[in-house]
Amino acid sequence: MKKTIMKWTLLLVCMVVAMPAMAQFNVKALKGAAKAVKAVTLTDAQMTEYVKEYIDWMDTHNQVCADDNEYAIRLKKLTDGLTDVEGIPLNFKVYYVIDVNAFACADGSVRVFSSLMDIMTDEELLGVIGHEVGHVAHKDSKNGFRTALLTSALKDGISSQGGTAAKLTDSQLGDLGEALVNSTYSQKQERSADDYGYEFLKSHGKNPWAMALSFQKLKKLQEEAGAQKSSKLNQLFSTHPDLDARIKRMEERAISEGIEKPAAE
């Protein structure tokens, strides 16, 4: 049976991305963020260290599919040619877990969950990846990670010494993950990531219809899940609001450019 990813696993995005600025925390958390900003000054180099520490920790605490695994082979073939975004090298891995999700970190690390691959076609998966890459390109992932870091792992004002970022404990990394999974992006950021993802896929020889198709699949899954609060899909839905409007935008764009819709797999 597949291993369950830690409940505080990040969505799209070590925001990236994630996953996953723009993080909508409660009033108490926002006050904490203000104090943390005063207590901690993070350089780009330190941020890079923290992102690397986080993604290394995630890769260690989740089952990563080996290169010869069918999921890894499929993802490698699917992302062929997607080497970097705005000068940031991209690297892809599959987590063998039961949660339905994916995320991208500010350092270009993209993690796709095997259960998401089970229910999506190649085109639909490309749409998810394109969208997450958009957040990386626009630095939403970096800003979101910084906010989560200051309001969770570094909330007590723990700072760097000698220009080197203080190493995080497992507890702090857990707090960081929880903050990331509860963060969201603004509608403007989501639209911008959609548009970037569309152009990114198109410029790399991929069919940009993938954007609309991925949102259509999310909409279908949302309808099928209904009001099941325990659904593994709930977090994915909560981070992708206004699906109808986003589907329409991406469809209209592809149609207006005369791009042929891929045949159903």
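Listed by position, the helices (runs of 4 or more DSSP H) inside the range 176-262 whose residues that are at pLDDT below 85 and surrounded by 15 or more Cβ atoms within 10 Å (Cβ to Cβ) number at least 1 are 209-225, 234-238.
Within the range 65-93, the residues that satisfy the criterion of being closer than 17 Å to GLU123 by Cα and not charged (D, E, K, R) are TYR71, ALA72, ILE73, LEU75, LEU78, THR79, GLY81, LEU82, PHE92. None of ASP140, ASP99, ASP84, ASP59 is among the acidic types (Asp, Glu) and farther than 22 Å from SER183 by Cβ except ASP84. Just the residues that are over 16 Å from ASP140 (Cα atoms), part of a strand (DSSP E or B) and not aliphatic (A, V, I, L, M), please, taken from the range 101-117. Result: ARG111, PHE113.
Scanning the range 163-175 for residues that are surrounded by 16 or more Cβ atoms within 10 Å (Cβ to Cβ) and outside any loop (DSSP other than H, G, I, E, B) yields GLN172, LEU173, GLY174, ASP175. Evaluated against (1) crowded, with 19+ Cβ neighbours inside 10 Å; (2) within 20 Å of LYS217 (Cα to Cα), ILE119 falls short on exactly one condition, (1). Of the residues making up the range 119-141, just one is more than 16 Å from PHE92 (Cβ to Cβ), at pLDDT 95 or above and among the β-branched types (Val, Ile, Thr), namely THR121.
Every residue, every condition in (1) of a type in the set (Val, Ile, Thr); (2) closer than 22 Å to GLU251 by Cβ; (3) touching a Leu at 6+ places or on another chain (Cβ under 8 Å), yes or no:
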residue: LYS76; (1), (2), (3): no, no, no
residue: ASP80; (1), (2), (3): no, no, no
residue: TYR96; (1), (2), (3): no, no, no
residue: PHE103; (1), (2), (3): no, no, yes
residue: ARG111; (1), (2), (3): no, no, no
residue: SER115; (1), (2), (3): no, no, no
residue: GLU124; (1), (2), (3): no, yes, yes
residue: ILE129; (1), (2), (3): yes, yes, yes
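Under the condition of being within 30 Å of LEU149 (Cα to Cα), among the polar types (S, T, N, Q) and touching a strand residue (DSSP E or B) at 6+ places or on another chain (Cβ under 8 Å), the residues counted in the range 55-79 number 3.
The values are calculated or read from the model by the stated rules, or taken from the named source; none is laboratory data. Note that the coordinates shown come from a computational prediction; the quantities given were computed from them, not determined experimentally. For neighbour counting, all protein chains shown are included, and Cβ atoms are generated from backbone atoms with ideal geometry for every residue, glycine included.
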